[in-house]
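Written below as structure tokens is the structure these notes are about.
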Amino acid sequence: MLGDPLTAYGQAREQSPVIKLMTPGFGFMWAVTRYDEAKAMLADPRLELNANTFLRPAVPEHCLQYMRTMTELDAPEHARLRRVVSPAFTARRAAQFRTRIDLIVGRLLDTLAEREPVDLVTAFARPLPMEVICELVGIPAQDRPAWREYGAAIAAVDIKAFGEAIPAIIHDAIAAVARRSAEPEDDLLSDLIGGGRLTTTELVTLVWHLVLAGQTPANLITNAIDALKAHPDQETALRADPTSMPAAVEELTRWCSPQPLSLPRFASEDLDIGGVAISRGEPVVAAIACANRDPRAFTNPDTLDLKRQEKPHIAYAHGPHFCFGAPLARVQVEAALSALLTRFPAMTVQRAEHLPDPGTWRLKELVVTLAGPHRRAF
């Protein structure tokens with residue numbers, strides 16, 4: 001299943017809207033495989049995120065107060081924090097940030113021209129989200145190397161290395177909040193501090209949450225490039241019409257999302273999903289990658305069609321816990337793909353290797369030959 005999860009999930013989906021899964025480190029859970037049922041499940045208040053949703057590394061006691069992020073909170077606490085934070089992550093705010101993201105993308109791509117072949121995972125896609133987060137929270141240039149190491153520790157999915165990095169991440173998040181409280185600038189963290197509706201603990205926790213959750217674009221960018229190179233007709237059409245990039249990113253997100261499963265939710269009472277009985281306390285996930293290829297919701301769902309105009313995918317979940325960072329992730333992916341396709345029109349994939357990771361569909365490496373003219377796109 002790890003080598004070809006989409007085929008395995010697709011076969012399961014056609015047998016039942018809900019299946020049993022056994023997962024490493026977590027054990028048994030129910031997985032909802034069909035689009036309508038998965039969307040309803042993600043919005044069902046009887047299914048709750050809680051501390052058991054997460055596999056936590058051991059951390060020092062002083063870090064514990066920052067570990068309970070918005071993701072695991074339910075109403076009314078989650079709703080309150082979301083109302084405060086969401087305005088900083090609107091599509092309009094993300095679009096306003098696009099110029100600064102383009103500059104970050106440009107700086108990273110400038111280094112690629114000096115090396116060939118190059119692994120886009122380590123040289124471009126993985127550093128990008130952390131650079132964006134540093135820009136969002138006002139991390140000065142001299143402190144950014146440490147933050148890049150934090151991103152690498154999270155991206156490695158090594159629970160020991162991750163746990164060891166957390167105290168340093170929390171320490172530097174506290175420093176970032178203190179710095180912006182004293183010296184506000186034009187960035188997201190200053191906006192949130194200026195609103196005065198978040199406590200210092202909540203602000204530090206939000207910064208830590210951004211570091212933790214903000215790595216998704218890295219995997220989506222490399223998945224998308226790999227997909228486009230495997231479908232040259234779609235890449236050609238996208239190059240011919242750059243204005244179609246936002247729609248193309250939505251289809252690529254549906255087709256090769258790095259998140260095969262949602263976070264586990266726990267039934268607060270006995271309930272029924274798709275005719276399958278779920279007992280109180282049992283964990284349930286949405287099989288996102290599976291639901292996003294449900295033929296009941298999408299025409300020819302296994303076909304990558306960058307012109308697709310159908311139901312919205314659920315790669316960023318749905319309902320109260322819809323990813324509030326989705327607009328920023330979309331803008332990052334759009335900026336990255338636009339720049340790569342523009343600057344390196346003859347880029348060719350030499351080697352693409354997927355990691356056997358049940359929790360994330362991602363590439364271990366994506367080695368490319370740039371081959372084309374290294375002209376600046378900005």
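The values are calculated or read from the model by the stated rules, or taken from the named source; none is laboratory data. Just so it is clear, the model here is predicted, and its values are computed rather than measured. No Cβ is skipped: glycine too gets one built from the backbone with ideal geometry, and neighbour counts run over all protein chains shown. These area figures cover heavy atoms from the full protein model, side chains too; ligands, DNA and RNA do not enter into them. Shrake-Rupley method; radii C 1.70, N 1.55, O 1.52, S 1.80 Å.
For the structure I just gave you, tell me whether L220 is touching a residue at least 60 places away in the same chain (Cβ under 8 Å) and of a type in the set (A, V, I, L, M). When the stated conditions are applied, L220 passes them. Within the range 224-243, the residues that satisfy the criterion of being surrounded by 15 or more Cβ atoms within 10 Å (Cβ to Cβ) and assigned to a helix (DSSP H, G or I) are A224, I225, D226, A227, L228, K229, Q234, E235, A237, L238.
Scanning the range 1-18 for residues that are open to solvent by less than 40 Å² (accessible area, probe 1.4 Å) and either under 22 Å from the mean Cα position of the chain (by Cα) or without any contact (Cβ under 8 Å) to a residue 60 or more places away in the chain (or both) yields P5, A8, Y9.
So in the range 262-292, with the set limited to residues that are under 26 Å from the mean Cα position of the chain (by Cα) and open to solvent by 20 Å² or more (accessible area, probe 1.4 Å), which one is farthest from K39 (Cα to Cα)? My answer is E282. Taken together, E353, E334 contain a single residue that is closer than 30 Å to P87 by Cβ and among the acidic types (D, E), which is E334. Within the range 310-350, the residues that satisfy the criterion of being polar (S, T, N, Q) and either over 21 Å from A289 (Cβ atoms) or in contact with a strand residue (DSSP E or B) (Cβ under 8 Å, 6 or more places away or on another chain) (or both) are S338, T342, T348, Q350.
Inside the range 59-88, residues that are open to solvent by 30 Å² or more (accessible area, probe 1.4 Å) and of a type in the set (F, W, Y) make up a count of 0. Cβ-Cβ distances below 6 Å connect the following pairs, each with a first residue in the range 60-85 that is over 21 Å from R46 (Cα atoms), a second residue that is assigned to a helix (DSSP H, G or I) and β-branched (V, I, T), and a separation of six or more residues or different chains: C63/I166; C63/I170; Q65/T201; Y66/I170; Y66/V204; Y66/T205.
Of the residues making up the range 300-317, none is out of contact with any helix residue (DSSP H, G or I) (no Cβ under 9 Å at 6 or more places or on another chain), crowded, with 16+ Cβ neighbours inside 10 Å, farther than 29 Å from Q96 by Cβ and in contact (Cβ under 8 Å) with a residue 60 or more places away in the chain. When T342 is tested against (1) within 21 Å of the chain's Cα centre (by Cα); (2) over 25 Å from L55 (Cα atoms); (3) not aliphatic (A, V, I, L, M), just one condition goes unmet, and that condition is (1). Regarding the range 122-137, can at least one residue be identified that is part of a helix (DSSP H, G or I) and open to solvent by 50 Å² or more (accessible area, probe 1.4 Å)? Checked the range 122-137: at least one residue is part of a helix (DSSP H, G or I) and open to solvent by 50 Å² or more (accessible area, probe 1.4 Å). If only residues of the range 89-112 that are closer than 21 Å to C323 by Cβ and of a type in the set (G, A, S) are counted, the one that is surrounded by the most Cβ atoms within 10 Å (Cβ to Cβ) is A94. Screening the range 153-174 for residues that are within 21 Å of T222 (Cβ to Cβ) and open to solvent by 40 Å² or more (accessible area, probe 1.4 Å) and picking the one that is farthest from the chain's Cα centre (by Cα) gives D158. Picking from residues in the range 24-58 that are of a type in the set (A, V, I, L, M, F, W, C) and at pLDDT below 85, the one that is surrounded by the most Cβ atoms within 10 Å (Cβ to Cβ) is F26.
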